[in-house]
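The values are calculated or read from the model by the stated rules, or taken from the named source; none is laboratory data. From a predicted model like this one, the values you see are computed outputs, not experimental measurements. In this analysis, Cβ positions are derived from the backbone assuming ideal geometry, glycine residues included, and neighbour counts consider all displayed protein chains. These area figures cover heavy atoms from the full protein model, side chains too; ligands, DNA and RNA do not enter into them. Shrake-Rupley method; radii C 1.70, N 1.55, O 1.52, S 1.80 Å.
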Amino acid sequence: MDLNLRLPLAMLVLVGLLVYTTPTHANSEISIRRTYIVRVRPPPNFSPDMSSSNLETWYRSFLPPSSMSASRPHTPFIYTYREAILGFAVNLTKVEGLRSNGGAWNSIGMGEGSIIGLLDTGIDMSHPSFHDDGMKPPPAKWRGSCDFGDAKCNKKLIGGRSFSRGHVPPVDNVGHGTHTASTAAGQFVEGASVLGNGNGTAAGMAPHAHLAMYRVCSEFGCWNSDIVAGLDAAISDGVDILSISLGGRSRPFHRELMATGTFSAMRKGIFVSCSAGNSGPSSGTLSNEEPWVLTVGASTMDRQMKAIVKLGDGRSFVGESAYQPSNLVSLPLAYTLDSGNVKGKVVACDLDGSGSSGIRIGKTVQEAGGAGMIVFGKQVSGHNTFAEPHVLPASYVNPIDAAVIREYAKNSSSKPTASIVYEGTSLGTTPAPVVAFFSSRGPSTASPGVLKPDIIGPGVNVIAAWPFKVGPPTTSANSMKFNSISGTSMSAPHLSGIAAIIKSVHPDWSPAAIKSAIMTTAYTVDGLIYDTDEEQYVLYLCGLGYTDSEVETVTHQKDACRKGRKITEAELNYPSIAVNAKLGKLVVNRTVTNVGEASSTYTVDIAMPKGVTASISPNKLEFTKAKEVKTFVVSLSWDANEIKHAEGSFTWLFGKQAVRSPIVIF
């Protein structure tokens, strides 16, 4: 098994909010009000004709209740925006700040009472992300242990065990586990940054959830025997959520230990979030494909740590770096270390095929006397750039820009020169989010008829806790330890944290119900869900053509398929639909459960490309009570000789609720 991490490429996340503050005096008390400009994504069913009062009501949903209490004589809003940007300006105190009190955290909590278990490289328990201020004791059901030797666990980090070879405490000698744990459920840490960039308040997705670390990997890798032992312990200890940023090559489920282990977790009501893998952009490269887990791909964010490369001929290109010292101005430019004496020069370097990172190459450049470095992204990486904590002044540019710089460095008639100008951190980069080039793609090899990955999450240049200092050797040993790295390993714990929040609010929901809420809507957990039980998964495995013994290997059920009971992949009550283009048609049922308003009527909106005919019957679902169940039929048809690939969706709409299911014909 491999860690699904692009080390040491690049995590702090703003959950749908971009917050800017006006300058204040250094001696700011918590009672002093600051002006926040908040940009928000459009709500479901947003239209330019939405009334000002409705728009303001929606904006208010992002504010903490204290900002609108009787003790506040005036509205906190300064302005509400709808034309130039979508958002508002607001006066808040530090205590009322949106980072720790707004949005979903304010309305549905921060994961209180949920336990997230991570199978990873261990954890730096001394990191401030794992303090327990404001935390409640773990639930009475918790049965885990704390094996850190003399060090004690607390109400945040409630357990830690080691299963990697050597029987050492579950401390993190790699960084991966500390990073993923703080992403899922790190506490609020003010002044977090990577070498002064990406500055802000760091927090995991579920800041008040409990954490348990199961060290199953080390700097030497991961062994299946250790992974299964960690999984076994986590199930026994009583975790609610499993966050697994590990992966390997695709195998049939009955030959994949992770598939069997996660099925057992699902049977116990444990939600499992797994990374999709880093083998993109080639198709059919997924890890963790089983439908009872959430398979998470990686996306970019709208933040850049800009390092501008300016050539001697006046052209400039936007790159990134998490280390931003003084600018380098008009230095000689050399292409590769093989170009002779590079002392005092900016060296342009290609990432080689050995997996060496820009940081490792930078150390070589520095040892050779180079003054700076331009890292050329691989051809397959598209427009992605990476903000690494380099050891010398550097900029990572995408391969499109790299081709221009390379040509200039190799063939310039005059002596080529380059500058690197640092512009700090900027927000609002577009387009974002987009799928990262390295994120493994579908279709699933083990089960092509189930659409995977299920979802994408932030996985590029993610800022989170780190056990060691990063950057050049001169970096202060006392500086706060955070790092910017990339990979689907970073994406999965984002969704683990979101699952913990939902589990905290809906402790009776099945893993499939939580998964459905995550996949079909980004705005609410009160709507419609697609639930799936253990029996459906068993019938689905029979439908894959597995023998009784093969199904028993995964499910521990004997003779599951003997009576001919089975369902196709398309018949699994999944929140998405995938179908082979060669079939030309599909008619399939889906069943939803109302977990929103008791009295509600949903209408369907279908969006399919030209050449695909789609209908849903009935096209209206009328509910009269909570937990009422309704079934509808999805019918699709297309010319198999003409349509080879198509993507669309259908969405159930009720008021502000929008429950979307993607459809892919492949």
TODO: Report, by residue number, each residue of segment 545-570 that is within 28 Å of the chain's Cα centre (by Cα) and either closer than 13 Å to T532 by Cβ or not aliphatic (A, V, I, L, M) (or both).
DONE: E569
Task: All positions within segment 529-548 that are in contact with a His (Cβ under 9 Å, 6 or more places away or on another chain) and of a type in the set (F, W, Y) - done: Y546
Task: Those residues of segment 414-440 which are surrounded by 19 or more Cβ atoms within 10 Å (Cβ to Cβ) and within 30 Å of F253 (Cα to Cα), in sequence order - done: V435, A436, F437, F438, S439, S440
Open item on the list: So S236 passes all but one of these: (1) open to solvent by 30 Å² or more (accessible area, probe 1.4 Å); (2) in contact with a Phe, Trp or Tyr (Cβ under 9 Å, 6 or more places away or on another chain); (3) part of a helix (DSSP H, G or I); (4) modelled with pLDDT of 95 or more. Which condition number does it fail?
Closed with: (2)
Task: Residue check, S114 buried (at least 17 other Cβ atoms within 10 Å of the Cβ), hydroxyl-bearing (S, T, Y), assigned by the TED database to the domain that holds S486 and out of contact with any Cys (no Cβ under 7 Å at 6 or more places or on another chain) - done: yes
- [ ] Please enumerate the residues belonging to segment 313-331 that are surrounded by fewer than 18 Cβ atoms within 10 Å (Cβ to Cβ) and assigned to a strand (DSSP E or B).
- [x] S316, V318, V329, S330
- [ ] Evaluate segment 573-580: report whether one residue or more is more than 16 Å from V450 (Cα to Cα), outside the structural domain of P511 (by the TED database) and either among the hydroxyl-bearing types (S, T, Y) or part of a loop (DSSP other than H, G, I, E, B) (or both).
- [x] no
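For segment 31-53, state whether one or more residues are modelled with pLDDT under 65 and closer than 27 Å to E190 by Cα.
yes
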- [ ] Being surrounded by 15 or more Cβ atoms within 10 Å (Cβ to Cβ), small (G, A, S) and out of contact with any Gly (no Cβ under 9 Å at 6 or more places or on another chain) narrows it down to one of S661, S637, S617, so name that one.
- [x] S661
- [ ] Would you mind stating whether T475 is at pLDDT below 95, under 24 Å from the mean Cα position of the chain (by Cα) and surrounded by fewer than 22 Cβ atoms within 10 Å (Cβ to Cβ)?
- [x] no
Task: Those residues of segment 604-614 which are assigned to a strand (DSSP E or B) and open to solvent by 60 Å² or more (accessible area, probe 1.4 Å), in sequence order - done: D605, I606, T613
Open item on the list: When you check L621 against the structure, is it within 26 Å of D508 (Cβ to Cβ), modelled with pLDDT of 95 or more and either among the aromatic types (F, W, Y) or in contact with a helix residue (DSSP H, G or I) (Cβ under 7 Å, 6 or more places away or on another chain) (or both), yes or no?
Closed with: no
Task: Condition check for K481: in contact with a strand residue (DSSP E or B) (Cβ under 8 Å, 6 or more places away or on another chain), among the basic types (K, R) and open to solvent by 30 Å² or more (accessible area, probe 1.4 Å) - done: yes
TODO: For N594, indicate whether it is within 31 Å of the chain's Cα centre (by Cα) and either under 30 Å from K656 (Cα atoms) or loosely packed, with under 12 Cβ neighbours inside 10 Å (or both).
DONE: yes
